[in-house]
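The values are calculated or read from the model by the stated rules, or taken from the named source; none is laboratory data. Bear in mind that the values here come from a model prediction, so they are computed numbers and not experimental data. Neighbour counts run over all protein chains shown; Cβ positions are idealised from the backbone, glycine included.
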Amino acid sequence: MTVNRRLKIWTLITHALIIVGMGHGIACFAIVEIISFRIFFLFYNIHSTDPSDILLMIVGLAALLGQCAIAFSLLTRRNNLKIPFYIIGLIFLWASVICFQYITSINHYTHLLTITCLPFLVCSVIFFLGQAIKRLYYYILDI
């Protein structure tokens, strides 16, 4: 596992900049979180029963929990908590992306989410397979 500050920050940035199609336009994933908070507060005031509103709340909550876990792994001084919180944060961030993909799967504009999710995927792969890729690279150079 490759863990450093830059990778964690790039993971947060690439997740926030995932472009999604919403309504008649596009937005970044960070905007989806803001919209989900609005729906969260309206849900308790109006008691909305629209299932897509509830799923959008789950997406925003999962994204927020993931960002908080990664931010905690950035700010904590205890080394034994850095990797577990980063993994938990990645799980929540990927859960938000997959849940949003599920919500919008009936629409034709979800391909934009899949394409712009690639930098976030690269950050996740670097975290889990970075050392193995580096060793393979040096092995190939030695041949």
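Laid out as a table, the results:
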{"item": "Filtered residue count, the range 92-114, keeping only those that are among the hydrophobic types (A, V, I, L, M, F, W, C) and free of Cβ contacts under 8 Å to residues at least 12 places away in the same chain", "result": "2"}
{"item": "Check on Ile91, modelled with pLDDT of 95 or more and of a type outside the set (Phe, Trp, Tyr)", "result": "yes"}
{"item": "The range 59-69: number of residues that are touching a residue at least 40 places away in the same chain (Cβ under 8 Å) and under 9 Å from Phe92 (Cβ atoms)", "result": "3"}
{"item": "Tabulated pairs, the range 132-143, first under 12 Å from Met1 (Cα atoms) and β-branched (Val, Ile, Thr), second part of a helix (DSSP H, G or I) and modelled with pLDDT of 90 or more, C-beta under 9 angstrom, 6+ apart or interchain", "result": "Ile133/Val125; Ile133/Ile126"}
{"item": "Segments classed as helices (runs of 4 or more DSSP H), wholly inside the range 1-88, with at least 1 members that are touching an Asp or Glu at 6+ places or on another chain (Cβ under 9 Å) and modelled with pLDDT under 90", "result": "29-46, 51-75"}
{"item": "Residues being closer than 18 Å to Thr14 by Cα, of a type outside the set (S, T, N, Q) and more than 11 Å from the chain's Cα centre (by Cα) - total across the range 89-117", "result": "4"}
{"item": "Filter pass, Ile115 being over 19 Å from Ile31 (Cα atoms) and out of contact with any helix residue (DSSP H, G or I) (no Cβ under 6 Å at 6 or more places or on another chain)", "result": "no"}
